[in-house]
Structures are given as structure tokens and as C-alpha cells.
1. Might you let me know whether the stretch 25-43 holds any residue that is on the phi < 0 side of the Ramachandran plot, of a type in the set (Lys, Arg) and without any contact (Cβ under 8 Å) to a residue 24 or more places away in the chain?
2. Give all pairs with beta carbons closer than 7 Å in which a residue from the stretch 128-148 that is free of Cβ contacts under 8 Å to residues at least 24 places away in the same chain and among the hydroxyl-bearing types (Ser, Thr, Tyr) meets a residue that is part of a loop (DSSP other than H, G, I, E, B) and open to solvent by 80 Å² or more (accessible area, probe 1.4 Å); count only pairs at least 6 apart in sequence or on separate chains.
3. For Phe85, all conditions in the list (1) open to solvent by less than 90 Å² (accessible area, probe 1.4 Å); (2) part of a loop (DSSP other than H, G, I, E, B); (3) modelled with pLDDT under 85 hold save one; what is the number of the exception?
4. Just to verify a result, which residue in the stretch 107-139, among those that are within 20 Å of Asp93 (Cα to Cα) and aliphatic (A, V, I, L, M), is nearest to the chain's Cα centre (by Cα)?
5. Considering only the stretch 56-80, state which residues are loosely packed, with under 10 Cβ neighbours inside 10 Å and without any contact (Cβ under 8 Å) to a residue 40 or more places away in the chain.
6. Quick check on my filter: what residues within the stretch 30-55 are within 30 Å of Arg114 (Cβ to Cβ) and either among the basic types (Lys, Arg) or surrounded by 10 or more Cβ atoms within 10 Å (Cβ to Cβ) (or both)?
7. Select, from Ala52, Ala7, the only residue that is touching a Pro at 6+ places or on another chain (Cβ under 8 Å) and modelled with pLDDT under 90.
8. Please return the ranges of strands (runs of 3 or more DSSP E) entirely within the stretch 89-169 where 3 or more residues are surrounded by 11 or more Cβ atoms within 10 Å (Cβ to Cβ) and of a type outside the set (Ser, Thr, Tyr).
Amino acid sequence: MMRSLFAGVSGLRNHQTRMDVIGNNIANVNTIGFKASRAQFQDVLSQTLQGAASAQGDRGGTNPMQVGLGMGLASIDTIFTDGSFQPTGKQTDLSIQGQGFFVLSDGLNQVYTRAGNFDFDNVGNYLMPGTGYKVMGWMADASGNISTTGSITTIQIPVGATMNTKAST
């Protein structure tokens, strides 16, 4: 009797978790950079009532008889497929196609996001306005070359800076 109650209770508890994941997906569907999740489940334990038997004479083999004793949450996976790209009307917004994240920093910690709603502050730091985290990357040198072998720094374009003119060839 306890086996059947435990199996039913664990099923209800994990179904609630699945509904929580679905509710989170629905609540965040219009959040910038949001990626949906899905719940994955697994058997917690099963009891073997009768073992498997090999074929004998004219009779084929049989599979074991097992009774499940409940289920558990295996994982909550994030689905990182590309969403549809939509114009925002803001030239400082970016999007990511395929794998990858934007790297942001508050000066002490680095965090990662797929949301690309960025802007510049009054001194030219490229940042996420809601948090103030600065966008990290590789800056170009004076001749416009970008080296991806060095460490990343905050992206900054000084306010009022101009580029030197160069004659076309």
C-alpha cells in the first residue's frame, strides 16, 4: 500500500514542478533574451517482482516484471534555440545568433546574458542600463586592429571622440 501512495505523491509533486516551469516560461515569454526551460524526469527506484528468463525449448524468453516506486526530477534544462530577431529601433541593441553570451561586469564580478538591450552612459561606457553592468570585449587599437588573444576589457567609446580622416584609395 505504501508503494502505491509514494508513487502517486511523488508524481503529483513532480507534476507541480513541471507546472512551475511551464508557468515561468509563460510569465517570461516577452522578457528580453529569455530562454525557455523544460523539466526532465527519472525513475527514483523500481522493485523487481520477477527476474528475466531465457528461452527454453519452444518457449521464448521473458522480460523482468518491475514496479516503479516513484519518480524524481532529473533536471530543468534551458533551451538555447534562437528566437526571432526583431528590430527595436535602437542602434545600440544587439542580438546573438547561435551559441554564446554577452559578458558583463560590475568591476568585481563577470556575469553572462543573452539579452542585448544595451546603451551608452554619459562618459561612453557601453552598458546594460537596468543594472549598470558594463559590456566586456576586445577594443580596437589606434590603427583599428582587434586582437582576440588578450584579456577582455570594458567597451568604451569616449563621448565626442572623432576618427582621423583617411584618404580613400
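1. No.
2. Going by the 7 Å Cβ cut-off, the qualifying pairs are Ser147/Trp138; Thr148/Trp138.
3. So Phe85 meets the others, but not (1).
4. Ala115
5. Gln56, Gly57, Asp58, Arg59, Gly60, Gly61, Asn63
6. Hits for the stretch 30-55 are Ile32, Gly33, Phe34, Lys35, Ala36, Ser37, Arg38, Ala39, Gln40, Phe41, Gln42.
7. Just one listed residue meets the conditions, Ala52.
8. 102-105, 134-137
The values are calculated or read from the model by the stated rules, or taken from the named source; none is laboratory data. All figures in this text were calculated on a predicted structure; none of them were measured in a lab. Neighbour counts are summed over all protein chains in view; Cβ atoms, including those assigned to glycine, are modelled from backbone coordinates with ideal geometry. Ligands, DNA and RNA are stripped out before the accessible areas are found, and what is left, the full protein with its side chains, is counted by its heavy atoms. Shrake-Rupley method; radii C 1.70, N 1.55, O 1.52, S 1.80 Å.
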